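Below is one structure, written out as structure tokens; comments come after it.
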Amino acid sequence: MRTPGTYLRSIGVHLPPVVTIETAVAEGRYPADEAERFGLAGAAVAGDVPAPELGLRAARQAFERSGGLSPRGLDLMLYCDVWHQGPEGWAPQYYLQQQLVGGDVPAIELRQGCCGLFNALQLAAGYLRPGGSALLVGADNHGTPLVDRWRMIEGTVMGDAGCALLVTTDTGFAELRSVNVTVLPEAEAVNDGGVPMFPPDATVGRPLDFAARNREFRRRLLDGDGARVMLAIQATMMELVDRTLKEAEITLDDVARAAFPHVRRDDVEHRGVNWLGLTLADTTWEYGARVGHLGVSDQFVALDHLLATGALAPGDHLLLVGFGAGTTLACAVLRILDIPPEYASGRPD
């Protein structure tokens, strides 16, 4: 989807303190023999700060950085998440609406796995009219009794974060050149683990263990046509990247950096980096290994990090790639137009 006249005005991030892998190993939370094998360094851990509060803090920072945009002037707010946000039957987007935005703005929760913010970008680009603005928020706190953040996914640890994007149609520091999200419904069983759909896991206290679910899917893969499904995922991902680059009117040679999900290193290499002719050094994997897989926020928190460390310059193109349950696949291209002043202190001399 081409997105002419769509810009990122500002980014807000709330990243809680990082607990190191060394600490997790010493406390018996993370297997010592996996520390060197997977090369992970830690996870951002929010403690008992609710996910919507993480999102609210990020949103406030985004407005502080926006150069004068008012929350009361928004045309749309989209709230994205992958994990439980608060009391059952309660809507997190309305918490932000009460605390920040006010009651006249359409506020919608999106749940499209770890690709939620990509989908929000796509929807906002199609919704906004000239002069319009949208707030896109992603927030997750995985530190609940039904999740073991250190062992839930082999080779990956789960971090917590809030992230907010202010999208406008007039000006911004980055231009959204193209964004695409697609779903392979034939791959929906990849993450179901063979567990019953009813009653839902959370209502019976069943823990979320993706490591066990992936082992179950591999068993089914050997027994059936799972290989066909996995090949379809890879082929679709490559087609999606190719289409997004063409819509952005660039090639891979024009990409300065790439941001993938903060998942296990060999998955990033085999499912994206190698196929695209990139190296891990071209990506934000090393940063992601320090903060963990942040649910919906990985690629956009990584963008904030790239800006803060001087890794991007005006004219650079950033490729963002997403994978999510469903199976959902996403891709976007941003062109950096300017470096916002809040990142100036991290720029090299």
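List of remarks:
- Centroid-to-centroid, using Cα positions, region 83-147 and region 230-281 are 26 Å apart.
- The listed residues His142, His84 rank as His84, His142 when sorted by accessible area, largest first, using a 1.4 Å probe.
- Distance in nm between pseudo-label sites at Leu337 and Arg220 (7 Å out along the Cβ direction from Cα): 4.6 nm
- Karplus-based coupling profile of region 66-82, in residue order and whole Hz: 7, x, x, 5, 9, x, 6, x, 5, 9, 6, 10, 10, 10, 10, 7, 10, with θ = phi - 60° in 6.51 cos²θ - 1.76 cosθ + 1.60 and x standing for Gly or Pro.
- When only Cα pairs below 8 angstrom with a gap of at least 6 residues are kept, region 1-65 shows a relative contact order of 52 percent.
- Accessible area per residue was computed with a 1.4 Å probe on protein heavy atoms; Glu286 scores about 130 Å².
- Principal axis box of region 16-162, alpha-carbon based, largest edge first, Å: 54, 28, 27
- Working from Cα pairs under 8 Å separated by at least six residues, relative contact order for region 225-287 is 33 percent.
- Per residue accessible area of the chain, 1.4 Å probe, in Å²: 42 Å²
- Relative contact order for region 250-337, counting Cα pairs under 8 Å that sit 6 or more residues apart, in percent: 34 percent
- Once both labels are positioned 7 Å from their Cα atoms along Cα-to-Cβ, the gap between Gln98 and Glu36 label points is 5.2 nm.
- Sorting the segments 191-197, 260-266, 15-21 by their mean number of nearby beta carbons within 10 angstrom, highest to lowest, gives 260-266, 15-21, 191-197.
- Inter-label distance, nm, simple model (7 Å from Cα along the C-beta direction), Asp242/Val195: 3.8 nm
- Surrounding net charge for Ala43, when Lys and Arg each add one and Asp and Glu each subtract one, Cβ distance under 9 Å: +1
- Maximal additional length on extending the Glu249-Ala227 stretch stands at 4.6 nm, based on 0.36 nm per residue less the C-alpha distance.
- Net length available on complete extension from Ala235 to Asp48 is 63.3 nm, with 0.36 nm assigned per residue and the Cα-Cα distance removed.
- Electrostatic tally near Tyr79: other residues with Cβ closer than 10 Å to its Cβ, Lys and Arg +1, Asp and Glu -1, net -1.
- Taking the 1.4 Å solvent-accessible surface of the chain as the whole, the part contributed by carbon and sulfur is 52%.
- Distance from region 169-207 to region 53-73 (C-alpha centre basis), Å: 26 Å
- Each eigenvalue of the Cα gyration tensor of the chain, multiplied by 5 and square-rooted, gives one semi-axis; in descending order these are 29, 24, 21 Å.
- Taking a sphere under 14 Å around the Cβ of Glu109 and counting the other residues whose Cβ falls inside, with K and R at +1 and D and E at -1, yields a net charge of -2.
The values are calculated or read from the model by the stated rules, or taken from the named source; none is laboratory data. Treat the numbers as computed from the prediction; the structure is a model and nothing was measured. As a convention, Cβ positions derive from the backbone with ideal geometry for all residues, glycine included, and neighbour counts pool all protein chains shown. Ligands, DNA and RNA are excluded from the accessible area calculation, which covers all protein heavy atoms including side chains. Shrake-Rupley method; radii C 1.70, N 1.55, O 1.52, S 1.80 Å.
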